[in-house]
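The next block holds one structure in the form of structure tokens; read it before the comments.
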Amino acid sequence: MAFIDELELHIKAGKGGDGVIRFRREKFRPKGGPAGGNGGKGGDVYVEAVRDSALLSKYKFKKDFAAENGTHGGSNSLYGKNGEDLVIAMPIGVVVTRNSNGERFELLEEGEKVLILKGGNGGLGNEHFKSSTNRTPKEHTKGKQGEESKFKFELRLIADAGFVGFPNAGKSSLLNALTNANSKVASYSFTTVSPHLGDLYGYILADIPGLIEGASEGKGLGHQFLRHISRTKLLLHCISLESEDVALAYETIRKELDNYSKRLDDKQEVIILTKTDTTTPEEVNKAKEALKSYGREVFSVSVYDDESIKTLSDSLIKTMSSM
């Protein structure tokens, strides 16, 4: 199933049940008085955060949701049954926007549950209108409609670390080498067109589509990438040693990150030189020297070199455990 990180759903809370007009008909009491019950309340609608980043994909073909309506009141002063509340599961990290009024909030903790629409109140039966001057009321009210709106759901992944860099910087291959992920790998740009997650001894690494110059202005996959990386704790900045100028490659991506959000500049970051198997040890050392002035820890790895992957893995675990 294709990964989906944003969608729009039409959601409706339940309608309240109608109040009714009824009169008691008991033996020896032909005028037993009003006995019409109130209608039940319509169901409310909640969204609840669960640990399933692919959950939005399950709603691809179901765009309308509705809570249960309350039932009508009954005879003998019986109230109608309240409608069942509707709880819509959403992945942790989703941003919810109510189109009708622009209200916006985020689900950041597993199990977090937020009321988004209120069900309509039930109508009043004729018993409610009984008074000393109105012994046989024939009034009743209908149940109220529940709230209704379209909502936009936008997922921003929450991961411990996220890969940044140009397309073909080796991010997907590195994720696969570090974790048990099966991120797609190929020799053309934008192999990764949707986020992939991997588990590194309990720490979540996110492989998200690569950046190009101008991404912060929406070019390429633009904000589709950047909104995800904004939630990661640690940036893993991958630079391919096939690059002609590793310092320029680093500065170009940093510029896009800074243009998108200054908060990204505050995140901890390590630089990973990838594809060491495509060059010489002398060129690797030269690249490290060119990046020294940025004050970041620099690693050099090849997915074909188990020792370099283990060194990186151990360091990342140590770094993330201290954050």
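What the table shows:
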| item | result |
| --- | --- |
| Reach of Lys275 by Cα under 16 Å, taken over aspartates and glutamates that are not fewer than 8 positions away in the same chain | Glu242, Glu244, Asp245, Glu283, Asp305, Asp306, Glu307 |
| Built amide H within the under 5 Å cut-off of Leu117, gap 5+ | Val45 |
| Semi-axes of the equivalent ellipsoid for the chain, Cα gyration tensor, largest first, Å | 62, 16, 14 |
| Built amide H within the under 5 Å cut-off of Met90, gap 5+ | Glu48, Ala49, Val50 |
| Crossing angle, helix 246-260 versus the chain [Cα axis fit, 0-90 degrees, rounded to tens] | 20 degrees |
| Peptides 6-12, 297-303 ordered by average Cβ neighbours within 10 Å, highest first | 297-303, 6-12 |
| The range 282-322, accessible area per residue, ligands and nucleic acids excluded (1.4 Å, Å²) | 64 Å² |
| Length-normalised contact order for the chain - Cα pairs under 8 Å, 6+ apart - percent | 16 percent |
| Amide H partners (placed H, <5 Å) of Glu269, local residues excluded | Leu235 |
| Carbon + sulfur, % of accessible area of the range 278-323 - ligands and nucleic acids excluded, 1.4 Å | 49 percent |
| Of Lys233/Lys292; Lys58/Lys310; Lys62/Lys267; Lys12/Lys58; Lys15/Lys113, pairs whose Cα-Cα distance is over 28 Å | Lys58/Lys310; Lys62/Lys267 |
| Separation in nanometres of the label points that stand 7 Å from Cα toward Cβ, at Leu248 and Lys58 | 4.8 nm |
| Rounded percent of accessible protein surface that carbon and sulfur make up, the range 75-166, 1.4 Å probe | 45 percent |
| Förster-model FRET efficiency, 30 Å R0, Glu48 and Ser313, C-beta, rounded to 0.05 | 0.30 |
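The values are calculated or read from the model by the stated rules, or taken from the named source; none is laboratory data. For clarity, every value in this text was computed on a predicted model and none was experimentally measured. Every residue, glycine as well, gets a Cβ built from its backbone with ideal geometry; the counts of neighbours run over all protein chains shown. All accessible areas refer to the heavy atoms of the entire protein, side chains included, with ligands and DNA or RNA removed. Shrake-Rupley method; radii C 1.70, N 1.55, O 1.52, S 1.80 Å.
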